[in-house]
Amino acid sequence: MADKVKFTLEYEIKCSPKILYSFISEPNGLSQWFADDVFIKDHVYTFVWDDGEEQKAKMLSSKESKSVKFAWIDDEPYTFFELEIMKDELTNDVALVITDFALQENLKDRQLIWNIQIENLLSVIGA
């Protein structure tokens, strides 16, 4: 099995860290931009898309108004994806930093998917 490559993307988000955190950590927030529906039970998030696809991820860590880290349950080898809120103390600019993994041959597609997802997030937030 080929190894996955770790990559990081950064997006400027014109939103307070507290509001942004609700969009990246709560089922209601995630269902507005990341998946069509999101359910949670015992720290396991079930993401459902319109095409009927369903994936489960365990929340590994959560820091209020800072970050969330998930691991896809059926993903081997073990990898995670993390959504981290960064705030520049001088300018008060807020950025969302995404850390994810993909096979080298799928890297550009995975980055494109994140770009589209973040466009959805910006639209929902109104940023």
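Structure above, values below:
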{"quantity": "Global geometry of the range 20-79, whether rounded, prolate or oblate, following the gyration tensor of its Cα atoms and the 1.5 cut on a/c", "calculated": "oblate"}
{"quantity": "Cross-link reach list, lysines versus Lys66, counting only Cα pairs under 25 Å and skipping chain neighbours closer than eight places", "calculated": "Lys6, Lys14, Lys18, Lys41, Lys56, Lys58, Lys87"}
{"quantity": "Summed residue charge, Cβ within 14 Å of Ile19's Cβ, Lys/Arg positive, Asp/Glu negative", "calculated": "+2"}
{"quantity": "Per-residue Cβ neighbour rank within 10 angstrom, fewest leading, Leu103, Leu90, Leu30", "calculated": "Leu90, Leu103, Leu30"}
{"quantity": "Local net charge near Ile40, Cβ-Cβ under 14 Å (Lys/Arg +1, Asp/Glu -1)", "calculated": "-1"}
{"quantity": "Formal net charge of residues neighbouring Leu96 (Cβ-Cβ distance under 10 Å; K, R +1; D, E -1)", "calculated": "-3"}
{"quantity": "Rounded to 10°, Cα long-axis angle of helix 107-125 versus longest principal axis of the chain", "calculated": "40 degrees"}
{"quantity": "Contact order normalised by residue count of the range 4-125, Cα under 8 Å, 6+ apart, percent", "calculated": "30 percent"}
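Values quoted throughout were computed directly from the atomic coordinates according to the rules given, and no laboratory measurement underlies them. Since this is a predicted model, take the numbers as computed values, not measurements. Cβ atoms come from the backbone with ideal geometry, glycine included; neighbour counts cover every protein chain shown.
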